[in-house]
Structures are given as C-alpha cells and as structure tokens.
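In what follows, a single structure is set out as structure tokens and then discussed.
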Amino acid sequence: MSRTAGVIAPPPLLYLGGLGAGLLADRLLALPPVGLPMGVRMGIGLALGMCGAALIATALGRFGRAGTPAEPWRPTTALATGGVYRLTRNPMYLGMAFLLFALAVGFDSLGTLLLFPVVVLVVDRFVISREELYLSGQFGAPYDAYRLKVRRWL
C-alpha cells in the first residue's frame, strides 16, 4: 500500500491551471465574452465564490479537528466524516470548482467556462479516484461504508 494517494498534481494547481489556460485561450483565440451584464456576473461570481470559500474553510477545519493533513501528498492519518463531509466526500474540490466557475463568470471568460468540465473531470479521475483507492486501502471497511453512504460530489 502506498503511503500517499499519489495524485497527479496539487488540486489547487489544477484549478488555477484551468483558469490560466481559459484566460489564455480567450486572448489567443479571440474568444468572445460570455456577455452577461456586469451586475449579473458579479452577483453570480460573488455568490459562488463565497460558497466555494466556505466549503473549503469548513473542510479544512474538519481536517484540523480530525488531526490529519489536508494535502493529498501527505499520509492521511484519520477520516473526516462529520460536518460538511456528511454531504459530500470532496468539499474542498467542490469548493475549488465553485471558485473556478465564479472566476470564469466574473472575468467573462468563455475559455475558462469551456475548460471547466475538463478540469473537473481531471480532478475526478486523476485526484479523487486515486485518493479513494488510497483511503480504502488505508482505512478499509469504515471508509468503504462512508463512500457508499455519501456522494462523491453532491
């Protein structure tokens, strides 16, 4: 059994990479803006951004209370299954997805919106799937029961 989940990259970098690639695509490919009015963009961006930040902060607090590191490249020492983890197995990644979508809308970035599902798919397949295999090996039946009870995303 591996000592860590062996994810392909730190998840925040994957989301930031998606934002950067989307903004670059807007510029290089001369993509049109989405075209929502500024007030609508800011409202959606702020609402989703605050939800995303709250999910991440709450999840980090749960990891702290459980006494286990949040970074997937460090060994996991305990399961966090309470609080927000009763609603989703991946509140940090869900929060990061909310933030990416919020920034895409706020920046009026069609490129980022088009890349959004690609980034989420990469996180799902190359981060979360690896973490789940690792956690199943690390914690066995308790993690497997949790995984059956709580959805991966929402």
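Throughout, read-outs are computed from the coordinates displayed, never taken from laboratory work. Just so you know, these numbers come straight off a predicted model, no measurement behind them. Please note: Cβ atoms are built from the backbone with ideal geometry, for glycine as well, and neighbour counts cover all protein chains shown.
When a/c reaches 1.5 or more, the comparison of a/b and b/c decides; with that in mind, is region 85-129 rounded, prolate or oblate per its Cα gyration tensor? Please list the in-between numbers first.
Working: a/c = 3.98, a/b = 1.60, b/c = 2.49.
Oblate.
Rounded to whole Hz and in sequence order, give me ³J(HN,Hα) for region 135-147 from the Karplus expression 6.51 cos²θ - 1.76 cosθ + 1.60, θ = phi - 60°, writing x for Gly and Pro.
Using θ = phi - 60°, the values come out as 5, 5, x, 6, 10, x, 4, x, 6, 4, 5, 4, 4 Hz.
Nearest 20 debye, what's the magnitude of the dipole of the chain about its Cα centre given +1 on Lys and Arg Cβ and -1 on Asp and Glu Cβ?
420
Is the C-alpha gyration tensor of region 4-136 telling us rounded, prolate or oblate? Criteria: a/c under 1.5 is rounded; beyond that, a/b larger than b/c is prolate, otherwise oblate. Show your work: numbers first, answer last.
Details: a/c = 3.14, a/b = 1.72, b/c = 1.83.
Oblate shape, in that a/c is at least 1.5 and b/c is the bigger or equal ratio.
I need the phi-derived Karplus couplings for region 19-25: 6.51 cos²θ - 1.76 cosθ + 1.60, θ = phi - 60°, integer Hz, Gly and Pro marked x.
With the stated coefficients, region 19-25 comes to 5, x, 5, x, 5, 5, 4 Hz.
Quote to one decimal, in nm, the extra length available between Arg152 and Leu87 on full extension: 0.36 nm per residue of separation minus the C-alpha distance between them. Numbers along the way, then the final one.
Numbers: separation 65, 0.36 × 65 = 23.40 nm, distance 0.90 nm.
Between Arg152 and Leu87, full extension yields an extra 22.5 nm.
For helix 38-66, report the angle its Cα long axis makes with the longest principal axis of the Cα atoms of the chain; keep it between 0 and 90° and round to the nearest 10°.
10
Using mean Cβ contacts within 10 Å as the protection proxy, how do 39-51, 103-115 order, highest first?
Details: 39-51: 15.3, 103-115: 20.8.
Per-residue mean Cβ counts within 10 Å order the peptides as 103-115, 39-51.
Across region 98-112, in residue order, what do the Karplus-derived ³J(HN,Hα) couplings come to in whole Hz, using 6.51 cos²θ - 1.76 cosθ + 1.60 with θ = phi - 60° and x for Gly and Pro?
Here the 3J(HN,Hα) series is 4, 4, 4, 5, 4, 5, 4, 5, x, 7, 6, 9, 4, x, 5 Hz.
Once the dipole of the chain is set up with Lys and Arg at +1 and Asp and Glu at -1 on Cβ about the Cα centre, which of Leu79, Val127, Thr58 lies farthest towards its positive end?
Most positive-ward Cα: Leu79.
Under 18 Å from a point 7 Å along the Cα-to-Cβ line of Met42: which residues of region 74-109 have their amide N that close?
It comes to 102-109, nothing else.
Once the cut-off is 18 Å, how many percent of the Cα-Cα pairs in region 66-144 end up in the long-distance tail?
Details: 1525 of 3081 pairs.
Every Cα pair in region 66-144 considered, those over 18 Å come to 49 percent.
Arranged by the count of other C-beta atoms within 10 angstrom, fewest first, what order do Val123, Val84 take?
Numbers: Val123 25, Val84 19.
Fewest-to-most Cβ neighbours within 10 Å comes out as Val84, Val123.
Strictly greater than 16 Å: what percent of every Cα pair in region 1-74 meets that? Numbers along the way, then the final one.
Details: 1900 of 2701 pairs.
Roughly 70 percent, once rounded to a whole number.
Per DSSP H run of at least 4 residues, take -39500 (n - 2.57); add these up for the chain, divide by its residues and hand me the 222 nm value, nearest 500 deg cm²/dmol. Show your work: numbers first, answer last.
Values: 6 runs with 97 residues, N = 154.
Helix-only estimate at 222 nm: -21000 deg cm²/dmol.
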